[in-house]
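Worksheet: one structure, shown below.
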Amino acid sequence: MPQSADKVLDHSKLFHEPEYKEMLENKRAKYENATPAPQVTEILDWTKSWDYREKNLAREALVINPAKACQPLGAVFAAAGYEGTMSFVHGSQGCVAYYRSHLSRHFKEPASAVSSSMTEDAAVFGGLVNMVDGLANTYALYQPKMIAVSTTCMAEVIGDDLNSFIIQAKEKESVPADFDVPFAHTPAFVGSHVDGYDNMQKGIISHFWKDAERKETDSINIIPGFDGFAVGNIRELNRILGEMGVTYTILSDVSDVYDTPSDGDFRMYDGGTKLDDVKAAVNAKVTVSMQEYCTKRTLEVCEKAGQATEVFHYPMGVQGTDEFLMKMSELSGKAIPDSLTKERGRLVDAMADSQSYLHGKTYAIYGDPDFVYSMARFVMETGGEPTHCLATNGGKEWKAKMEALLASSPFGAKAQVWAGKDLWHLRSILATEPTDMLIGNSYGKYLERDLGIPLIRLTFPIFDRHHHHRFPTWGYQGGLNVLVKILDTVLDKLDAETGTLGETDISFDLTR
Amino acid sequence: MAKDLEDSVAEHEKMIEEVLSAYPKKAQKKRAKHLSTAGAVEEGETEIVSKCDTVKSNVKSVPGVMTIRGCAYAGSKGVVWGPIKDLVHISHGPVGCGHYSWSQRRNYATGTTGVDNFVTFQFTTDFQEKDIVFGGDKKLEKSIDEINELFPLANGVTVQSECPIGLIGDDIEAVARKKKKDIGKTIVPVRCEGFRGVSQSLGHHIANDAVRDWVLEGEGSEYEATDYDVNIIGDYNIGGDAWSSRILLEEIGLNVVGSWSGDATLAEMENAPKAKLNLIHCYRSMNYICRHMEEKHGVPWMEYNFFGPSQIAASLRAIAAKFDKSVQDKAEAVIAKYQPLVDEVLAKYKPRLEGKKVMLYVGGLRPRHVVTAYHDLGMEIAGTGYEFAHGDDYKRTGEYIKEGTLIYDDVTGYELEKFIEQMRPDLVGSGIKEKYPVQKMGIPFRQMHSWDYSGPYHGYDGFAIFARDMDLAINNPVWAMFDAPWKKSA
């Protein structure tokens, strides 16, 4: 009997005890109708071949392990960044359970959102009653300052009209007539979570700006975009801009709501962009997007309002941060302080100290389009080669932009860009053309296991490591965090490869 | 009625009234029917110790209240079908449903992922606007062909419908029949669109019906049938639960020919009707197919409970009673064999857990099934409730919980928070969405869907882990650090 109270074995050890191994072998042999082991091995090897790769890359219909979610997730994330805001997702209720779980698993934090709980009758008659009753209930129970409405694909397929429904709900006094209920149609069958983020930002800004009379100020709006590291990154942004003395408004600041303290109180709402600040944001002279592919439609609204716009692709690393700071300096008229110049020098110093371990290393990078762009650029700054760059939710335009970036450096010469491909495609790609490292999210662990390529978790979602999102990846300090994660992986790998006693450990060096 | 019981009932009533007062009238009236206190049993009633089926259940959730429930797709793909490892389960429709449920239920399965085990995959037809407009049947057909080419050892495909499928009028049954003919493998269309029904529950039922209609006539595996063949039904092998159960059943001399559906293969699903007895753990999600097998194949079924030593011993004896003396003797031997482990576990953990109050809010069977495991550790259940139970579940709950226990059906975020705030239990057992709000309040928490990434909790081996986990949750020093010393009141 393997179990004991003294040393309790859970799943990670228990099932490798002889009793269980024998039981599972017996089950497989007798009842599973399992494929004989040699054939399993044969197929496993084949899945890593060029032949399989060609067939896999020729897929036209089936999508396997895509690195993207659907629009409403992005909408819920965007809305969470506003003061006292409850997301109300119109449609089937299971979707909301999914978004909440997904966000909680990444941030290790509460994620609040409600559903209008539409069922079969609503599919036939429309979801007006659900909207009317639902808004009244949400308003009464959760006392939000704003309710941001988005949609599941069910409501989109049957064609519910949010604008009209919200007007009717207000007529029926579900919420006061002047209560803020911005909305966004977020069909899951168009684009991905980054588009949902965009649509919700557009919905919120349009709601507050539609009748505003604009009086231009020197203020700058900043839209962070969908970002799993938002907690660390937005705080870093605040610190940097504070040091520069820039006047700015972050539109959707989730840093506090997804990082509330444990002190005995559950804060359903915390922090976020003040609603008055969103209203005033129409007067800003410019809106800066930190992630172009999260804000295309939103920036159109800003431009229509008379603002200038600037876009970045998730600025990371030395040049990404340089450009961001110089742009902020140019827009605000404030100089970049020596303190930040010194920070820059420290990041460059760290890169110089460690360059011998990074030069020539190859990487596969996947994630949202803006992230992959910046990550590839940072890798090239360290002398690394971003051999495979993949975004399931990246299109032709992104591909062209990536190719231009890669062409700008000799370290990009051998790189390939994979727009619209999924992580099962990436498995074939890496099985046939492996890299030294893989940069992505938790889902990459299956590739790491199958192919032995170490994974560095640097983008959403990260379920199986805790708290990384509390540290920034933006700015020079963020660059340092990213650099250290890459370096730790390189050096851990080197130690593992040279760590077998009496066999490979001649170069198990103390100092590296 | 004893004085303290009377007090607790009155207290609950007051608390429920307060909570309900926050709702607008229409919602208040609806929610009132779902909140109650376990009542006294009628005279002569011996099967139950309290009356819990006074709450209304299995009705639509009130819009806008933050129900914790999921949908029919979650009940079918996430619960019933997803664990079957040698089938490819297509999340048919837009990308989200399959994405959020990808690898999240911890239904452990052996095999080689990507070759003969597909549990930790997300297969989807990733619907685009044109698929909504023109229909997705062609895309589905092509997807099945691509699966057949890229995963030759997959023994079939299930089509897990997402909301749009039923709304745009696709004929997935026709596709399934056609492709079955084309590729000669089992293809199962499942109409589990998320808007159907009121919770995960209808998804379970629809999934059961699909097993009945599209699987049960298959051949199964070649094995020597015996008089001791049983199936484990409604164990999804969370953290290996079905394995720590199976080992006990084998030890008492039974052969588990089908494991439904944790760590299952298609053959094991097909084997089931040939067994002598169906042993059902999660009654809610798989009673339908047991009733069918009873009618059609003459396989009787019985419920059992492998949480905590009291129930394990009782269940082993009840199961053995369906067989001959050899099995009964072995059951007694097995109970005796594990008794020292049970004694050790209780000696170590009971003193640390005795008298602690627990509130539960979970899914199919756990709001009642785990109760005795807590009792075994000397803990008390202060409140319990289900996301998607029916009346028969609440009736069965009365077998486990004491009169005066707070009952909440399809509880809302608001209600649960207020109940916890007022009752201040020592531990809450619920899901990922509830975990962090509860912990922020300074109350220890265990996820009781996923075993909080631990497990197994079934069987004797699992009970040791269960006890360890409850102890580590409650007795961690972090809970004493919530107040900054300079903020503590004098």
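Could you tell me how many degrees, from 0 to 90 and to the nearest 10, lie between the Cα long axis of helix A:71-80 and the main elongation axis, the longest principal axis, of the Cα atoms of chain A?
60 degrees
Mind giving me the FRET efficiency for A:LEU491 and A:ASN163? R0 is 51 Å, r the Cβ-Cβ distance, nearest 0.05 is fine.
Numbers: r = 56 Å, r/R0 = 1.10.
According to the calculation, E is roughly 0.35.
Quickly work out the A:ALA404-to-B:LYS3 label distance, labels modelled 7 Å from Cα along the C-beta direction, and quote it in nm with one decimal.
So the label points at B:LYS3 and A:ALA404 sit 8.3 nm apart.
Are any of the pairs A:LYS361/A:LYS485; B:LYS25/B:LYS402; A:LYS145/A:LYS170; A:LYS145/B:LYS435 more than 20 Å apart by Cα-Cα distance, and if so, which? Could you put the intermediate results ahead of the total?
On the way: A:LYS361/A:LYS485 14 Å; B:LYS25/B:LYS402 31 Å; A:LYS145/A:LYS170 15 Å; A:LYS145/B:LYS435 25 Å.
In this structure, B:LYS25/B:LYS402; A:LYS145/B:LYS435 lie more than 20 Å apart at Cα.
Among DSSP beta bridges whose residues both lie in the protein assembly as shown, state the antiparallel percentage, nearest 5. Let's see the in-between values first.
Working: 9 of 84 bridges.
Once the DSSP bridges in the protein assembly as shown are tallied, antiparallel ones form about 10 percent.
Just the number please: accessible area per residue for the protein assembly as shown, 1.4 Å probe, all protein chains included, in Å². Before the final figure, lay out each step's value.
Details: 35430 Å² over 1002 residues.
Accessible area per residue: 35 Å².
A:LYS396: which lysines have alpha carbons under 21 Å from its alpha carbon, excluding same-chain residues fewer than 8 sequence positions away?
Those lysines meeting the cut-off are A:LYS68, A:LYS296, A:LYS414, A:LYS421, B:LYS130.
What is the mean number of Cβ atoms from other protein chains located within 10 Å of the Cβ atom of each residue in peptide B:112-121, rounded to a whole number? Intermediate values should be presented prior to the final figure.
Details: counts 8, 4, 10, 10, 8, 2, 1, 0, 4, 5.
Average neighbour count from other chains, rounded to a whole number: 5.
Among the listed pairs B:LYS178/B:LYS296; A:LYS279/A:LYS304; B:LYS142/B:LYS185; A:LYS108/B:LYS488; B:LYS276/B:LYS322, give every one whose C-alpha distance is greater than 18 Å. Can you show the working numbers first?
Working: B:LYS178/B:LYS296 27 Å; A:LYS279/A:LYS304 15 Å; B:LYS142/B:LYS185 15 Å; A:LYS108/B:LYS488 27 Å; B:LYS276/B:LYS322 10 Å.
From B:LYS178/B:LYS296; A:LYS279/A:LYS304; B:LYS142/B:LYS185; A:LYS108/B:LYS488; B:LYS276/B:LYS322, over 18 Å: B:LYS178/B:LYS296; A:LYS108/B:LYS488.
Summing Lys, Arg as +1 and Asp, Glu as -1, what charge do residues with Cβ under 10 Å from the Cβ of B:VAL65 carry, B:VAL65 excluded?
Values: positive: B:LYS30, B:ARG31; negative: A:ASP133, B:ASP410, B:GLU415.
So the surrounding residues net to -1.
Could you tell me which GluC sites (Glu not before Pro) in the stretch B:205-298 are loop residues by DSSP with no more than 15 other beta carbons within 10 angstrom of their beta carbon?
Details: sites: B:GLU217, B:GLU219, B:GLU222, B:GLU224, B:GLU250, B:GLU251, B:GLU268, B:GLU270, B:GLU294, B:GLU295; in loops: B:GLU217, B:GLU219, B:GLU222, B:GLU224.
Of the GluC sites (Glu not before Pro), the ones in loops of the stretch B:205-298 whose Cβ has at most 15 other Cβ atoms within 10 Å are B:GLU217, B:GLU219, B:GLU222, B:GLU224.
Just to confirm the filter: which GluC sites (Glu not before Pro) across the stretch B:42-134 are DSSP coil and have at most 15 other Cβ within 10 angstrom of their Cβ? Intermediate values should be presented prior to the final figure.
Details: sites: B:GLU42, B:GLU43, B:GLU45, B:GLU47, B:GLU129; in loops: B:GLU42, B:GLU43, B:GLU45, B:GLU47.
For GluC sites (Glu not before Pro) across the stretch B:42-134 that sit outside H, G, I, E and B with at most 15 neighbouring Cβ atoms in 10 Å, the list reads B:GLU42, B:GLU43, B:GLU45, B:GLU47.
In the neighborhood of A:LEU237, defined by Cβ-to-Cβ distances under 12 Å, what is the net charge if each Lys or Arg adds +1 and each Asp or Glu adds -1?
Combined, the nearby Lys, Arg, Asp and Glu give -2.
Of the options B:TRP102, B:VAL59, B:SER21, report the single residue whose Cα projects farthest towards the positive end of the charge dipole of the stretch B:1-123 (beta-carbon charges: Lys, Arg +1; Asp, Glu -1).
Going by the charge dipole, the pick is B:TRP102.
Counting each DSSP H run of 4 or more residues in chain B as -39500 (n - 2.57), what helix-only mean residue ellipticity at 222 nm follows after dividing by all residues, to the nearest 500 deg cm²/dmol? Please report the intermediate quantities before stating the final value.
Values: 19 runs with 210 residues, N = 490.
Helix contribution divided over all residues of chain B: -13000 deg cm²/dmol.
Under a Cβ-only charge scheme (Lys and Arg +1, Asp and Glu -1), can you give me the dipole magnitude of chain B about the Cα centre, in debye to the nearest 20?
Numbers: 59 positive and 71 negative charges, 265 e Å.
Taking the Cα centre of chain B as origin, the dipole is about 1280 debye.
Find out how many positive minus negative residues lie around A:PHE508, taking Lys and Arg as positive, Asp and Glu as negative, among other residues whose Cβ is under 15 Å from that of A:PHE508.
On the way: positive: A:LYS493, A:ARG512; negative: A:ASP492, A:ASP495, A:GLU497, A:GLU503, A:ASP505, A:ASP509.
Its environment carries a net charge of -4.
Give the calculated FRET efficiency between B:LYS325 and B:GLU295 to the nearest 0.05, with a Förster radius of 25 Å applied to their Cβ-Cβ distance. Show your work: numbers first, answer last.
Details: r = 30 Å, r/R0 = 1.19.
About 0.25, to the nearest 0.05.
Taking R0 as 30 Å, what's the FRET efficiency between B:TRP486 and A:THR341 from their Cβ-Cβ distance, rounded to 0.05?
On the way: r = 38 Å, r/R0 = 1.26.
Efficiency for this residue pair is about 0.20.
Would you kindly state how much longer the chain becomes between A:ASP263 and A:VAL124 on full extension, computed as 0.36 nm times their sequence separation minus their alpha carbon distance, in nm to one decimal? Can you show the working numbers first?
Values: separation 139, 0.36 × 139 = 50.04 nm, distance 4.68 nm.
Here the segment from A:ASP263 to A:VAL124 would lengthen by 45.4 nm.
Starting from the Cα of B:HIS390, step 7 Å toward the Cβ, then list every residue of the stretch B:216-244 with an amide N under 17 Å from that point.
B:234
With both bridge residues required to lie in chain A, what share of the DSSP beta bridges run antiparallel, to the nearest 5%?
Details: 1 of 37 bridges.
Percent antiparallel among DSSP bridges in chain A is about 5.
Per 0.36 nm of contour for each residue apart, how much would the distance between B:GLU42 and B:GLU18 grow if the chain were fully extended, relative to their Cα-Cα spacing? All intermediate terms of the calculation are to be shown ahead of the outcome.
Working: separation 24, 0.36 × 24 = 8.64 nm, distance 2.90 nm.
5.7 nm is the gain from fully extending B:GLU42 to B:GLU18.
What aspartates and glutamates sit close enough to B:LYS337 to cross-link, taking a C-alpha to C-alpha distance under 19 Å and skipping anything fewer than 8 places away on the same chain?
Here the aspartates and glutamates satisfying the reach criterion relative to B:LYS337 are A:ASP6, A:GLU17, A:GLU19, B:GLU250, B:GLU251, B:ASP329, B:ASP376, B:ASP461.
Select from B:LEU266, B:LEU248, B:TYR283 the residue farthest towards the positive end of the dipole of the stretch B:229-333; place +1 on Cβ of Lys and Arg, -1 on Cβ of Asp and Glu, and compute about the Cα centre.
Positive-end residue among those listed: B:TYR283.
Give, rounded to the nearest 20 debye, the magnitude of the charge dipole that the stretch B:340-414 has about its Cα centre when Lys and Arg contribute +1 at Cβ and Asp and Glu contribute -1 at Cβ. If you can, show how the numbers build up before the last one.
Numbers: 10 positive and 12 negative charges, 51 e Å.
The calculated dipole for the stretch B:340-414 is roughly 240 debye.
How well do other chains shield peptide B:85-94, expressed as the mean number of their Cβ atoms within 10 Å of each residue Cβ?
Values: counts 2, 4, 0, 2, 0, 3, 1, 0, 6, 12.
Averaged over the peptide's residues, the number is 3.
Using alpha carbons only, how many degrees (0 to 90, rounded to 10) separate the axis of helix B:200-214 from the longest principal axis of chain B?
Result, in degrees: 30.
May I ask for the angle, rounded to the nearest 10°, between helix B:309-320 and the longest principal axis of chain B, with both axes built from Cα atoms and the value confined to 0 to 90°?
Helix B:309-320 sits at roughly 40 degrees to that axis.
Out of the stretch A:50-123, which GluC sites (Glu not before Pro) are coil in DSSP terms and have no more than 15 other C-beta atoms within 10 Å? Intermediate values should be presented prior to the final figure.
Values: sites: A:GLU54, A:GLU60, A:GLU83, A:GLU120; in loops: A:GLU60, A:GLU83.
Sites meeting the loop and neighbour criteria: A:GLU60.
Please give the peptides A:484-493, A:450-459, B:302-311 ranked by average Cβ packing (other Cβ atoms within 10 Å per residue), highest first, as a rough proxy for protection. Could you put the intermediate results ahead of the total?
Numbers: A:484-493: 16.3, A:450-459: 19.5, B:302-311: 21.4.
Packing order, densest peptide first, comes out as B:302-311, A:450-459, A:484-493.
Evaluate peptide B:96-109: per residue, the Cβ atoms of other protein chains within 10 Å of its Cβ; return the mean as an integer. It would help to have the intermediate numbers written out before the result.
Numbers: counts 17, 8, 5, 14, 14, 4, 5, 6, 5, 0, 1, 0, 2, 0.
Partner-chain Cβ atoms within 10 Å, mean over residues of B:96-109: 6.
The values are calculated or read from the model by the stated rules, or taken from the named source; none is laboratory data. Remember, it's a predicted structure, so these values are computed and weren't measured experimentally. Here the Cβ is made from the backbone with ideal geometry for all residues, glycine too, and neighbour counts use every protein chain on show. Remember, those area values only see protein heavy atoms, side chains included, never the ligands or the DNA or RNA. Shrake-Rupley method; radii C 1.70, N 1.55, O 1.52, S 1.80 Å.
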